[in-house]
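First up is the structure itself, then whatever we jot down about it.
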Amino acid sequence: MSLGVAAQEYVHLDVTSGYNHDVVANGSATSMASTTIEVDNDSYAFLSTDFLSPGGNSYASALPATGLINSAATTGLSYQMAPFDENNTMRIPTTATSLTAVFSNQVMASQVFLLATSGSGSATVTITVNFTDDTSQAATGVAIPDWYNGTSQPTAASGFGRINRNTDGIDTPFGNPRLYQLTVNIDEANQGKLIESIEVTKTSTAAGVVNVMGFSANAIPTCPAPLGITAVSTVDSGTVSWSDAPVIPTGGYDYYMSTSPDAPTAETVVTNVANTVNEVTFSDLTVGTTYYVWIRSNCGTEEGNWVMTSFTTGQMSVTYTEGDGSTLYNTNVSANSTTTCPTTVSVDVPAGYQVASVDVAYSMTAISNAWISEQRSLLYCTTTAMGETAVTSGPALNSQGTATYSRTGLGIADGATGTVEFELRAWRTFGGTDCGTSYNKVDNNTLVVTITYEPFVCELEAPEADDQIACGGIGFTVSDFVVTGAGNVDFYFYDTIDAPEPLDPETLVEESGTYYVSQYIGECESDRTAFEVTLNSVPAPTADAEQEVCPGSLISSLTAQADEGGVLLWFTSQDAPAPVGTNTELEEGASYWVTQQISGCRSPRVEVVVSFSDVPLPVAEDQEVCEGATVTDLYADALEGAELHWYATADAEFALGQNTALVEGSYFVSQTPEDCGESDRVEVVVSFTEIPVPTAPVNQSLCEGATVGDLMATGVEGASLNWYATADAPTPLADETVVEAGSYFVSLVLEGCGESDRVEVVVDFNEIAAPATETNQYFCGSVTVDELFAEGMAGATVQWYESEEATEPIAAGTTLEPGTYFARQVVAAGCVSAANDTHVFVNAIPDAPTGDDYQEFETGATLESLDFTVAENATVTYYVMNGSEELVEVEAGTELMDDTVYYVTQTVEGCESEPLAIEAAEILGVATFESAGLKVFPNPVESILTVTGNVTISQLTVTNLLGQKVMEVNVNGTNAELNVSSLPQGTYVLQVTGDTGASYTTKIIRK
């Protein structure tokens, strides 16, 4: 890897010509008078904080009157816009049209930044950077998003409003309009040249109007660092090379090598080489060690900033170059999942070495409406049959694009030698089926597997082997022994502790005894472990020597008893090699043999002689039936496949037909199994069933309008109910007949059995009370009928009406005007209650507080020191934005933090306004990080944060943006390290307290 330690030096590029229009309204005049044209193709321009229209229109959060824009996308980067009473934009509305910005301050730079936006839709441009030596560099296809809601470029500034040039009406939508930050990276060959001008050409044909309103650069110092530093390594050496710095250093280059990643200090002894030497080789290094090499330019009178690269000896990489890798569709991926289309690579480990660890890096791209968040992947070593223990999921980005992945220090191939095979298993959770590259893919030339190797040492421990039981005489071989090893090893088995040769795996184990096992990888073999083998004998099953079965029975009809866990197997002879199936038909007088098998071992066989028996009786009980029932309504249990025959007497010659009507008395049943003859007959006594009366509540309360179908009664299974108006009415009532108060009568009808006696039910009607409501209900901005409160009975539905006399309820979702509304509740059977009223009040949502969007404060100031205006009697609430871009309330009295955006709302009559965003900047005194010589790196930081300085540090304190202390450590020295890996990702404030009591603060980002 390579790393620069120089700080960024951002400078404004001062435009002497190129701006062709004024699109920012300022001063006391109409916007039409103070601008020359609109930003878009309609009628809208920008406005300044000092703009005041003749009608009194202004906007405190507009573009700052100074024209200084601090980039919200890059800390420390700012833009200086042209004066707002002059031309202040390069406005390009038409295709193939160019404008050129010429600069009075010419600098060398590694990057240039353009402050730009597009009105009436997005646009595409070509940006050409021109140098003083008459050369140039072009960036083509650069997108400029529309000034509302664009996301394809970083947002430098937003939420500053716009003005209608025709009406002076001001729009102030939250977060819009926007100015975007366009970045052009200067080629290394051009970084030593002075930038003279920048030309912008509109290349898109759509209506979007290009507006470029500021230029800045990441300037290169007078003694710039060398470029393109790289490193390669062998088993015990490493070579670092670099390209010339943009300005060739007169004093050559200094270098320093260390096994520590700490940068050299002023006291560090370094080595100098001539400016014609761009490479240095280090020999006789330790295998598997990471070395850090620092290079800087020596310009004679000054030295440049250090840049660093590193290499690890005993390390090699292989890159997959055979095209894009496929992903397999799978919505339930785990670490055990496989794929039929992995991306594979192999690494050849040098002879005498073994793998010590594995690193992997690659990128995956989502296309065709697939998302980055749907990517899944895992590295697996097929040589060792080991893979990562967890699947890597794509970042939570619900969009197309490319995500990069890397893991280091994987132990999946430890100890492997020779050719080691790897496969990247990649899946997608959306798009198509099976394997393919149409939705998510592994990008070609990005899969890099790097191994770190070490000298091969045979340190295999002896394997584990438990004593085990084997089956004698059924083909148990040495290969059936069960032992446990290291996971990527093979085994040798021996019959003595010092046997010179291992046993053949196919050797039969014919007797109990002691055996020995070792494990080996290549030429490395462990010591031997002893284990006992006992040949198992399975006892014979228990079975009657003679068994009677029905003629035509199958072998499954024979019975035998096995031990627990035993499985019975039947044979047609004493020495038959294979058992027969359970559907084998038995023969009269024949012999069959049965054995039991337990854990793969079989017992001796037991002989069973078969004879045929008489047919068994069917199973039947006395039965109750309805009058009119037939023989088909009788039942009895027969053997599977047997037919039942019913007779009128014990010796009747012919069986009864299925439709024969039954009478009370005795019947007789036999069964005829298939191919087994007819059994004797079993007597069954038949009686008729008496129909029961239904069960019903004697008194039933209903709603007016209820019908017979709403009356309640229960009967027996299979029966139906009849309702009558009187005890002797000849015809039952229909279900839709409307019920009146009084008596009704219900009977039970059992199909085929007739109708029961009738049961009287007395009916009366319920009265439904009106639902409970609140006398007054208050809302903010607007209210729909669904938001009104009313409480009814359990199971009731509440409906709202515009008047007490209204018959139609107000439709769901209807927006209400302030006034009086009436609620009724509807219960079962459609009963509607009386009405209860409520009075609805809709209060207006107040405007956001007004005030400057950029305010400075002195150290120790609190939220109450922010300057803004709210309505009389309004309640003020403060917020900050968390890492999920959600507003989180901050208590009043919280101390302000530098370079932090706070949001203020006002609440009037229970209604809260939109927030006013205020960027707070601390008025720094002399006690700054820089004056104290303090440095914090890396920043952003993932785990270890290093703090160095010229003062003695006594304490480090970390707080979040809510002012809450999350970490505090005591220090006594000028250098300190702080492990912040336990903190959630986000922005924090680091406070460094010196031994004199002075404190210094700066922001850090936990990534």
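Structure values in brief
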{"read-out": "Selection from the range 683-696 of residues that are surrounded by 14 or more Cβ atoms within 10 Å (Cβ to Cβ) and within 23 Å of Gly628 (Cα to Cα)", "value": "Val684, Val686, Phe688, Thr689, Ile691, Val693, Pro694"}
{"read-out": "Any pair with Cβ under 8 angstrom, 6 or more apart, that starts in the range 984-1005 at a residue that is outside any strand (DSSP E or B) and ends at one that is at pLDDT below 85 and not basic (Lys, Arg)", "value": "Pro984/Gly883; Gln985/Gly883; Asp995/Val951; Thr996/Val951; Ala998/Ala927; Ala998/Ala932; Ala998/Val951"}
{"read-out": "Residue in the range 901-911 that is at pLDDT 85 or above and part of a loop (DSSP other than H, G, I, E, B) present", "value": "yes"}
{"read-out": "When residues of the range 810-850 are limited to those that are part of a loop (DSSP other than H, G, I, E, B) and buried (at least 18 other Cβ atoms within 10 Å of the Cβ), the one modelled with the lowest pLDDT", "value": "Ser833"}
{"read-out": "In the range 590-607, residue farthest from Asn536 (Cα to Cα) [restricted to those that are at pLDDT below 90 and outside any strand (DSSP E or B)]", "value": "Arg605"}
{"read-out": "Whichever residue in the range 346-365 is hydrophobic (A, V, I, L, M, F, W, C) and over 16 Å from Leu410 (Cα atoms) and, among such residues, is nearest to the chain's Cα centre (by Cα)", "value": "Met364"}
{"read-out": "Any hit, the range 397-414, residues being touching a residue at least 60 places away in the same chain (Cβ under 8 Å), more than 26 Å from the chain's Cα centre (by Cα) and crowded, with 20+ Cβ neighbours inside 10 Å", "value": "no"}
{"read-out": "Test: Ser204 is in contact with a strand residue (DSSP E or B) (Cβ under 8 Å, 6 or more places away or on another chain), assigned to a loop (DSSP other than H, G, I, E, B) and within 26 Å of Thr155 (Cα to Cα)", "value": "yes"}
{"read-out": "Criterion (under 30 Å from Glu802 (Cβ atoms), in contact (Cβ under 8 Å) with a residue 24 or more places away in the chain and in contact with a Phe, Trp or Tyr (Cβ under 6 Å, 6 or more places away or on another chain)) met by exactly one of Val908, Val904, Val842", "value": "Val842"}
{"read-out": "Subset of the range 658-682 [in contact with a Lys or Arg (Cβ under 6 Å, 6 or more places away or on another chain) and either exposed (fewer than 15 other Cβ atoms within 10 Å of the Cβ) or in contact (Cβ under 8 Å) with a residue 40 or more places away in the chain (or both)]", "value": "Ser670"}
{"read-out": "Among (1) within 39 Å of the chain's Cα centre (by Cα); (2) surrounded by 14 or more Cβ atoms within 10 Å (Cβ to Cβ) - the single one Leu934 does not satisfy", "value": "(1)"}
{"read-out": "Residue match in the range 514-536 (condition: within 57 Å of the chain's Cα centre (by Cα), closer than 30 Å to Ala562 by Cα and surrounded by fewer than 12 Cβ atoms within 10 Å (Cβ to Cβ))", "value": "no"}
{"read-out": "Hey, Thr869 in contact with a Pro (Cβ under 7 Å, 6 or more places away or on another chain), surrounded by fewer than 18 Cβ atoms within 10 Å (Cβ to Cβ) and of a type outside the set (Lys, Arg) or not", "value": "yes"}
{"read-out": "Failed criterion for Thr205 (all others in (1) surrounded by fewer than 17 Cβ atoms within 10 Å (Cβ to Cβ); (2) under 24 Å from Gly300 (Cβ atoms); (3) not assigned by TED's automatic domain parsing to the domain that holds Gly304 hold)", "value": "(2)"}
{"read-out": "Strands (runs of 3 or more DSSP E) completely within the range 684-800 that count 1 or more residues being without any contact (Cβ under 8 Å) to a residue 40 or more places away in the chain and among the small types (Gly, Ala, Ser)", "value": "719-724, 742-750"}
{"read-out": "Whichever residue in the range 608-642 is modelled with pLDDT under 90 and among the acidic types (Asp, Glu) and, among such residues, is nearest to Leu656 (Cα to Cα)", "value": "Asp633"}
{"read-out": "Restricting the range 418-438 to residues that are over 13 Å from Cys341 (Cβ atoms) and of a type in the set (Phe, Trp, Tyr), the residue that is surrounded by the most Cβ atoms within 10 Å (Cβ to Cβ)", "value": "Phe422"}
{"read-out": "Options Ala29, Ala33, Ala65, Ala73: the member that is without any contact (Cβ under 8 Å) to a residue 24 or more places away in the chain and either surrounded by fewer than 18 Cβ atoms within 10 Å (Cβ to Cβ) or under 44 Å from the mean Cα position of the chain (by Cα) (or both)", "value": "Ala33"}
{"read-out": "Number of positions in the range 716-740 that are under 15 Å from Val761 (Cα atoms) and not aliphatic (A, V, I, L, M)", "value": "7"}
{"read-out": "Residue satisfying condition, being at pLDDT 90 or above, under 16 Å from Glu624 (Cβ atoms) and either touching a strand residue (DSSP E or B) at 6+ places or on another chain (Cβ under 6 Å) or not polar (S, T, N, Q) (or both), within set Gly657, Gly665", "value": "Gly665"}
{"read-out": "Extreme residue, nearest to Glu459 (Cα to Cα), among residues of the range 537-549 that are modelled with pLDDT of 90 or more and buried (at least 17 other Cβ atoms within 10 Å of the Cβ)", "value": "Pro541"}
{"read-out": "Strands (runs of 3 or more DSSP E) contained in the range 495-584 and holding at least 2 residues hydrophobic (A, V, I, L, M, F, W, C) and in contact (Cβ under 8 Å) with a residue 60 or more places away in the chain", "value": "529-536"}
{"read-out": "Any hit, the range 783-793, residues being under 15 Å from Arg824 (Cα atoms), small (Gly, Ala, Ser), at pLDDT 90 or above and in the same structural domain as Phe822 (by TED's automatic domain parsing)", "value": "yes"}
{"read-out": "Residue in the range 902-924 that is more than 30 Å from Ala844 (Cβ to Cβ), surrounded by fewer than 17 Cβ atoms within 10 Å (Cβ to Cβ) and of a type outside the set (A, V, I, L, M, F, W, C) present", "value": "no"}
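The values are calculated or read from the model by the stated rules, or taken from the named source; none is laboratory data. Note that the structure is predicted; figures quoted are calculated from it, not measured. Here the Cβ is made from the backbone with ideal geometry for all residues, glycine too, and neighbour counts use every protein chain on show.
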